[in-house]
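Structure, as structure tokens:
No value in this document is a laboratory result; all are computed from the given coordinates. Not measured: the values here are computed from a predicted model. FYI the Cβ positions are ideal-geometry reconstructions off the backbone, even for glycines, and counts take in every protein chain you see.
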Amino acid sequence: MAKSVTSLLVGIAIDRGEIKSLDESASNYIPAWANDARKDISIANLLDMRSGLEPMCIDFVSGDLQPCKTYKDAEAGGNIYYADDQLSACLARLLDLEDPGSPPWAALKTGNFLYSNCDSMALAEILFQATGKDLQDYADRYLLSPLNMTALWWRDNVEVGQRAGNYLGYCCLDARRRDFAKLGQLLLNDGRWNGEQVVSKSYVDAIKQIATDSILQDETPSYAYGLQFRTLLPQAIDTQAAAFPAAFSTYAAAGFDQQYILIDFDKSLVVVRNSLYAPLLFTERDGIDNDSERKMHIDLDLSTGRPNLDNTSFTATLPGGAELPGTNAFSIQQFLYDIVEAGK
């Protein structure tokens, strides 16, 4: 769900004139992209996951991020969370690979959709370069404070970067359900909160427009993804013949382990669902007390393929984030349907 919050911060930066527009070249804030084909990547391309840049995955031998080799490796945006430095490789990605016969996305061009956590990491760096504030500071000042909301963002595990680490624009924002619901209500209110225009109505309107402008026609079934938001896929519900909800009617900030902020603008409805969660924080590493630091580090035991929990700091949601067996028993569509029916 943090991706959608990153999007709102981009909208605020545009409102404040710190970023010129969605169509502005991302290379204005990432200079390494200015002298090659990446100069044509817009901020909107990154928000829409249409940068065309290769996805990144961990190399478990070297511990470095490398271009993913298969779609399975790139599933869910690329497993960049295994790396201590999650930003550098994301900014070093290429648009046109020298070997077009390598990975299946080698022929990708800007404008084609490929879900990528690195695109959201790049957005966090753009916000930092454009505003002079890191993601946490900027959110605290211009989004969280007006909503009287508390949220804590995780960083990667380096001592340099934005603030002794780089903020994870793609994930890992700790907040209570009630506070996440405020973000949904903010969108229902066209960006206003207690009389203050926190996010411009025009940016909220652009989010609503993804159901027209950003439909992924090649997906089966098709859904919309744009500005780091998506529409909820319809699903057959036992109690009725038609699928629920109607296609492209319910907008979602969707997170790992079936975590959602769902927004139905027509019904003026916000529904929030979080998994069970407590941050898994290592208490001591290299003689440094890191408790409460929220710096992601996974000490992977290569012999077992599992993390050494005594030396790991991670957002261990249940079940997937804690590597527990999943279940297909929960349906967000059924959950939403039951709520709508109960309100009639």
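Tell me, what is the FRET efficiency for residue 218 and residue 330 to the nearest 0.05, using R0 = 35 angstrom and their Cβ-Cβ distance as r?
Numbers: r = 27 Å, r/R0 = 0.78.
Taking R0 as 35 Å, the efficiency between residue 218 and residue 330 is 0.80.
I need the calculated FRET efficiency for the pair residue 269 and residue 308, taking r as the beta carbon distance and R₀ as 45 Å, to the nearest 0.05.
Values: r = 43 Å, r/R0 = 0.97.
After rounding to 0.05, the efficiency reads 0.55.
So how far apart, in nm, are the two label points at residue 20 and residue 39 if each is 7 Å from Cα heading toward Cβ?
Reported label-point gap for residue 20 and residue 39 is 1.3 nm.
Normalising by the residue count of the chain, find the relative contact order in percent from Cα pairs under 8 Å and 6+ residues apart. Let's see the in-between values first.
Details: 636 pairs, mean separation 51.9, N = 344.
In percent, rounded to a whole number, it is 15.
Toward the positive end of the charge dipole of the chain, about the Cα centre and with charges on Cβ (Lys, Arg +1; Asp, Glu -1), which of 128, 308, 87 goes farthest?
Of the options given, the answer is 128.
What is the percent of Cα-Cα separations in region 163-272 that go past 18 Å? Could the numbers behind the result be given before it?
Values: 3360 of 5995 pairs.
Tail of P(r) above 18 Å: 56 percent of Cα pairs.
Taking +1 at the Cβ of each Lys and Arg and -1 at the Cβ of each Asp and Glu, which of 114, 168, 334 sits farthest along the dipole of the chain towards its positive end, judged by Cα position relative to the Cα centre?
334
Consider just the alpha-carbon atoms of the chain and return their Rg together with their Dmax, both in angstrom.
Final numbers for Rg and Dmax: 19.7, 60 Å.
Could you line up 118, 68 from fewest to most neighbouring Cβ atoms inside 10 Å?
Working: 118 27, 68 23.
The order, fewest Cβ neighbours first, is 68, 118.
Given the -39500 (n - 2.57) contribution per DSSP H run of 4+ residues, what per-residue ellipticity at 222 nm results for the chain, rounded to the nearest 500 deg cm²/dmol? Walk me through the numbers before you get to the answer.
Numbers: 9 runs with 78 residues, N = 344.
After summing the helix terms and dividing by residue count, I get -6500 deg cm²/dmol.
Return 271, 160, 204, 61 ranked ascending by Cβ neighbour count within 10 Å, so the fewest neighbours appear first.
Numbers: 271 18, 160 11, 204 21, 61 8.
Ranked by crowding around the Cβ, least crowded first: 61, 160, 271, 204.
Quick one: give the max-minus-min coordinate of the C-alpha atoms of region 1-144 along each principal axis, largest first, in Å.
44, 29, 22
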